[in-house]
1. What FRET efficiency comes out for B:GLU104 versus B:ILE469 if R0 is 25 angstrom and r is the Cβ-Cβ distance? Round to the nearest 0.05.
2. Can you spot the lysines whose alpha carbon is less than 19 Å from A:LYS251's alpha carbon? Ignore those fewer than 8 places along the same chain.
3. Charges at C-beta only: +1 for Lys and Arg, -1 for Asp and Glu. How large is the resulting dipole of chain B about its Cα centre, in Debye rounded to 20?
4. What's the local net charge at B:PRO249, with K and R +1, D and E -1, over the other residues with C-beta under 10 Å away?
5. Quote to one decimal, in nm, the extra length available between A:LYS158 and A:GLN477 on full extension: 0.36 nm per residue of separation minus the C-alpha distance between them.
6. Name the chain A residue nearest the rotation axis between A and B, going by Cβ position, and give the distance in whole Å.
7. Past the 28 Å Cα-Cα mark, which pairs from A:LYS346/B:LYS430; A:LYS432/B:LYS346; A:LYS300/B:LYS346?
8. Any chance you could check the Cα centroid distance between the stretch A:394-466 and the stretch B:293-366 for me, in angstrom?
2 protein chains.
Amino acid sequence: MKQVTHSIDPKYQQIAGKVEELISVGTFRAGDRLPSVRALSRDWRVSVTTAVGAYSLLEDRGVVEARNRSGYFVRPKVITPDRLPRKNPAKGAPVDISSAGITELIMDSTSSPDVVPFGAAVPCDDILPTSKLMSIYHSVVRSEGASMFQYSMPPGLKELRIEIAKRLLEAGIGVSPEEVIVSSGAMDAVLLAVKSTCEAGDVVAVESPTYFGILNLVKELGLKAIEVPVLAEGGVCVEALAEAFENHPVKACILQPNFHNPMGSVIPNDQKRRIVQLAEKYQVTIIEDDLYGDLYFGPKRPPALKAFDTDDLVIHCGSYSKALAPGLRVGWILPGSRYHRVKNLKYATSLANASVSEMVVAAFLKTGGVDRHLRRTRQVLARQNLQIREAILREFPEGTRVSSPEGGFVLWCEMPDGFDSEKFSIDALKRKISIVPGTLFSASRGLRNSFRISCGSPLDDRSQRAIGILARLAASQL
Amino acid sequence: MKQVTHSIDPKYQQIAGKVEELISVGTFRAGDRLPSVRALSRDWRVSVTTAVGAYSLLEDRGVVEARNRSGYFVRPKVITPDRLPRKNPAKGAPVDISSAGITELIMDSTSSPDVVPFGAAVPCDDILPTSKLMSIYHSVVRSEGASMFQYSMPPGLKELRIEIAKRLLEAGIGVSPEEVIVSSGAMDAVLLAVKSTCEAGDVVAVESPTYFGILNLVKELGLKAIEVPVLAEGGVCVEALAEAFENHPVKACILQPNFHNPMGSVIPNDQKRRIVQLAEKYQVTIIEDDLYGDLYFGPKRPPALKAFDTDDLVIHCGSYSKALAPGLRVGWILPGSRYHRVKNLKYATSLANASVSEMVVAAFLKTGGVDRHLRRTRQVLARQNLQIREAILREFPEGTRVSSPEGGFVLWCEMPDGFDSEKFSIDALKRKISIVPGTLFSASRGLRNSFRISCGSPLDDRSQRAIGILARLAASQL
């Protein structure tokens, strides 16, 4: 915030006050575009100079921000660390994963249209490039022959692998299409990565919190998990990771370095470099799940962890489920020296991917419409994230902490100790609101005082009301 | 064969001899339709009576068969048991599965267009309902909104589960759509079935020979396998199965009761009943892979093993990969009481299926074109099977035994002891012919003197030549 030294025109004050009021009542919300200077001047019958003056004042106060050529936008509240979730105390020893019985209940609710969708981390229909995908489907089905209904055997369609390899350049990864194996989404890729490096009984390091799908997978493969805390700023706690590697026979480590689910944070580049060094020192394979890498809110994509790996230490996994569309089921894995092992594993598990899906994604990536689509998606997601975050901070009881994601579309909320998020989520579901309780994100079923909120859908009247209901439910527990 | 008592008109003899010669040189092959009586009379300038007489003679001799309203067809040679593959001696004890290093080499070769496709068990392009599928794709993509690009979460699209449940009636299975979980093909279904019943270290009974994908899966899950022989007539040897259940702690048993891959045989109904009784007695879960059930050559579909199960002992798995198109990746599982376990496993592994694929298969099943398509497919496959079988028996050295499948599209060939099918398959691949060696179908890497031939493509000039080359390669080993 600039220091204000000159005296302020009272007219500017007055108009700025009116704008601030509209923001405080929620007419304009974090990330929203404000009326243009011209519109403000016309509608409120003030001079253009006054309108500009009012906006400058609000900019000085940190309430709005000017964006090049686009006008003024409501700025998200400045993040104070005491509103961010705290570090989860690292567990001392590897544990067998305990699973919450309510997983299925929560998952089932996520696809019901009459439930407010704060549960599943999926983009809402409006974000999907539906008409573009439709036209690509038509043209693929018209132009490909019977081959589109035959098996697309591992490693998957060559044209698709070429496009995946091209796009990975932006993540700092240079690979040939021959090093890519196409998977049925990121979960399939992570499954192949873990199976190719670990055997039942091995210890893997997992983040805490982490996506419950990863925990279920680790459990199903009979592995033991050692939890390493993830910070609201900076991603996984590298000190804790080093400690885990030092004190336990860790075989592999599953990380989401960019826009961590559920924390939203990113591991800074110097720390990414250090993690790769640790992997080398302790001979641990890092499995990188970069599912959200393309969904950055800042100016550019953070590099993948794999970008810092020169020694076959990182198996990179990704997917177009979040960036393009979940229903396509197209992801990838860069198995490095484990290429043949992973390919044979794919033969022995899901065998092949849906061929038309592979062709459609290849065509979409090739036509170049993907970047335009992603630019729009990032803007929408950033706005939804900000607005839902602000609404929670405004409505929820004192002591609520909310993550401040740098990308992706989920928020991690932490309530005071003693809060029971499993009870909270069941109460919420009774009121047709879906959220995911923190225990599902913890190998030891800890994190009971936290929960995840998906920002895949906009903050409309219904979800605004839902946050009010959630806030009252939360307050009733304190 | 009827006994011939009356004296034979020498004209009939002469014409019959000419037809037989055309069959012996391969102009007309097993399953082919012969010229009509009218055409024969016109082209060979004989009376209609003579033409009818000649065909009757050939019918009496078992060379041709009359089909109602369709004319005369070349009848496959009568199967003599000494030309059928023998029973694989059952192994005494559970083994860890050994895998052949050449799996990847063989699998890679199967999708190459310049290789004669006796390797992979896939239908050739001509068999696929390409234009029908194309039009369904267009209409699905036109009519469904953004929902087709969202996750289709387990248990999968309801409309599809309804159609699957309807079609299962033909297999003798009555289930509600709520009991069906959609999978990504049969392998995904079998994976879910095995994972939901076994833990690493458990013993499962597998057929010998059996599809190598099942063996790879069992290996990857850290299970021990006990081999039970499959007979060329009658499917799995039930005595050996009972013995395995009696003497070993068998947890589950994976069977292909209908048109076994690679043997092509079917378990008779009374034996199916007995297997279910054994499962109950020894508390073994049977995992039924009914992938080929719709591809019968006879008058009707054999019932599934599941049809005889009233007590939740059989987990039934299937897929439209062979009956409709491999690239769709749509299968199913009936998990019975393990429903929630299987659903959660699906969340933890491949998560969801390609949504558009599910919609397309649902629409195809609903429009009713499937039965017409399947009728044609069965005819084509039956003919290809017969012709390739006859060509092998004609060209291969003395002592070659070939299965006589009742459905599906693979043949199992057994050579005299000492034959090395791995060497044979590598030699064949050098000559651009793909076959799968027997060792891949054996948990203990036995069955070295056998190999599998796929009949998914027609016996054309190229594949006719290929059989000649294979026959010489085989002879050179004896």
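Just so it is clear, none of the values below were taken in a lab; they were calculated from the coordinates. Computed from a predicted structure; not experimentally measured. We place every Cβ from the backbone using ideal geometry, glycine too, and count neighbours over all the protein chains shown.
1. On the way: r = 24 Å, r/R0 = 0.94.
Calculated transfer efficiency: 0.60.
2. By straight Cα distance, A:LYS251 reaches A:LYS91, A:LYS195, A:LYS219, A:LYS224, A:LYS272, A:LYS281, A:LYS306.
3. Working: 59 positive and 53 negative charges, 258 e Å.
Roughly 1240 debye, rounded to the nearest 20.
4. Once all neighbours under 10 Å are counted, the net charge is +1.
5. On the way: separation 319, 0.36 × 319 = 114.84 nm, distance 5.48 nm.
Answer, rounded to one decimal: 109.4 nm.
6. In chain A, the Cβ lying nearest the symmetry axis toward B is A:ALA354, 2.
7. Numbers: A:LYS346/B:LYS430 26 Å; A:LYS432/B:LYS346 25 Å; A:LYS300/B:LYS346 35 Å.
Distance filter (> 28 Å) returns A:LYS300/B:LYS346.
8. If we compute the Cα centre of each part, the gap is 37 Å.
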